[in-house]
1. Against the definition (touching a residue at least 24 places away in the same chain (Cβ under 8 Å) and closer than 23 Å to Gln13 by Cα), how does Glu325 come out, yes or no?
2. Is at least one residue of region 90-99 closer than 28 Å to Leu307 by Cβ and either surrounded by 15 or more Cβ atoms within 10 Å (Cβ to Cβ) or among the basic types (Lys, Arg) (or both)?
3. Filter region 109-123 down to the residues that are farther than 20 Å from Lys155 by Cβ, of a type in the set (D, E, K, R) and assigned to a loop (DSSP other than H, G, I, E, B), then identify the one that is modelled with the highest pLDDT.
4. Only one of (1) surrounded by 14 or more Cβ atoms within 10 Å (Cβ to Cβ); (2) over 30 Å from Asn301 (Cβ atoms); (3) among the charged types (D, E, K, R) fails for Lys169. Which number is that?
5. Can you tell which of Phe248, Phe281 is assigned to a strand (DSSP E or B), under 29 Å from Ile9 (Cβ atoms) and out of contact with any Cys (no Cβ under 6 Å at 6 or more places or on another chain)?
6. Among Gly150, Gly170, which is the only one that is of a type outside the set (A, V, I, L, M, F, W, C), under 24 Å from the mean Cα position of the chain (by Cα), at pLDDT below 90 and within 30 Å of Thr272 (Cα to Cα)?
7. Residues to consider are Gly137, Gly150; find the one that is over 30 Å from Arg286 (Cα atoms), free of Cβ contacts under 8 Å to residues at least 24 places away in the same chain and surrounded by 14 or more Cβ atoms within 10 Å (Cβ to Cβ).
8. Which strands (runs of 3 or more DSSP E) does region 149-225 wholly contain that include 1 or more residues that are farther than 22 Å from Ile261 by Cβ?
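The values are calculated or read from the model by the stated rules, or taken from the named source; none is laboratory data. These numbers come from a predicted model, not from an experiment. So basically every Cβ, Gly included, is an ideal-geometry build from the backbone, and we count neighbours across all protein chains shown.
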Amino acid sequence: MSQITLGIIGGGQLGSMLAIAAKKLNIKTVVFCDDIDAPAQNFCNQFVNGNYDNKEKISEFLNQVDLVTFEFENIPFETLSGINKFKPVLPKPSVNRLIQHRLAEKDFINKLNIRTTRYVAIDKKSDIDALEDFLPGILKTTTLGYDGKGQYPIKSSDEINSLNIDFSKGYILEKLVKLKKEISIIITRFSNNKYEIYEPIENTHEDQILKYSKIPAEINEKIFNQSKDWAMLIAEELKYVGTLCVEFFIDRNDNLYVNEIAPRVHNSGHLTINAFNVSQFENHVRAVCGLEQIPLKKISNAKMINLLGDQITHYRNLQKFNDKEFFFDYLKKDIKENRKMGHITTLL
């Protein structure tokens, strides 16, 4: 059998880690990214730079690969759908189309009888005036937005006037839960009812950006099992192939809610690189490339800290770490405030 070449759309840290995992499995990678300085070019076999609607660059990329995956969900559906006509795209583009739209995503989850926070579509500013029972809440764009972008916490309808928002773009208002904690489930689906599923990961956000993750999560057995069951149900209903993350809220009464689905490898799963025999990245490559499924084994409890902005500088200057600490530098050229520059995983 000839060597597989995997195309990866997106060249950030997730694309980098997918390329590293693929190399371990003797799979070549070609990264296609619209950022000329994308750090994944340090880890892949070939790099193609171009906008995601540039047909010439897409063609150059496709001529070098056997199949295609991606590191983030906000790639135009038209691009993924067009690529899928020539080379398989996994997970399939229809998954992205659904999850790129927050309202469609919430409707999909609720149809599975899985609990989400209460939500309502907002088409114009006056819609919120009649929705005091949804406040306090978070107003979110229905498309795009991550790490807090396109999100506006609102305590009362009076605050709407101070926001300079173009409501024609489409918004969703989500009622805030009395939050006890947040967890995520990383699951890799290989095919029908064939999964590898990681234990729940407990997450802490600051300014809507993930700061810390740890295993084990401090949760009861009911939530432990329910979160895994819901993640499997979602992955199966989507007929998903690859690694998927489901993010959850737990309220003060220990009710579980799905917050959102990320159709890709996920920041909260970085600790799987060191804490398990097979990382989320390797499992994703195995699933999309049709390789052997290896039963998961946990090596150690762990915690992960994201390094944002110039926090990376201190760690770049450190000469050594102890043998339970693992420092990852994403090799991004520009240090910007709140930009994810690296992480540290500590085995516990």
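1. Numbers: touching a residue at least 24 places away in the same chain (Cβ under 8 Å): no; closer than 23 Å to Gln13 by Cα: yes.
In short, no.
2. In the first step, residues of region 90-99 are kept if they are closer than 28 Å to Leu307 by Cβ; the result is 99.
Then keep just the ones that are either surrounded by 15 or more Cβ atoms within 10 Å (Cβ to Cβ) or among the basic types (Lys, Arg) (or both); that gives 99.
Checked against the condition, which is being closer than 28 Å to Leu307 by Cβ and either surrounded by 15 or more Cβ atoms within 10 Å (Cβ to Cβ) or among the basic types (Lys, Arg) (or both), region 90-99 yields at least one hit.
3. Start the filter on region 109-123 by keeping residues that are farther than 20 Å from Lys155 by Cβ, which leaves 109-116, 121, 123.
So of that shortlist, the ones also of a type in the set (D, E, K, R) come out as 111, 115, 123.
Still in the list and also assigned to a loop (DSSP other than H, G, I, E, B): 115, 123.
Values: Arg115: 97, Asp123: 82.
The residue in question is Arg115.
4. Answer for Lys169: the failing condition is (1).
5. Values: Phe281 fails: assigned to a strand (DSSP E or B).
Residue meeting the stated conditions: Phe248.
6. Details: Gly170 fails: within 30 Å of Thr272 (Cα to Cα).
Going through Gly150, Gly170 in turn, just one is of a type outside the set (A, V, I, L, M, F, W, C), under 24 Å from the mean Cα position of the chain (by Cα), at pLDDT below 90 and within 30 Å of Thr272 (Cα to Cα): Gly150.
7. On the way: Gly137 fails: free of Cβ contacts under 8 Å to residues at least 24 places away in the same chain.
Step by step, each of Gly137, Gly150 is checked, and only Gly150 is over 30 Å from Arg286 (Cα atoms), free of Cβ contacts under 8 Å to residues at least 24 places away in the same chain and surrounded by 14 or more Cβ atoms within 10 Å (Cβ to Cβ).
8. Details: elements: 151-154, 171-175, 179-191, 194-197, 201-206, 209-215.
So the answer is 151-154, 201-206.
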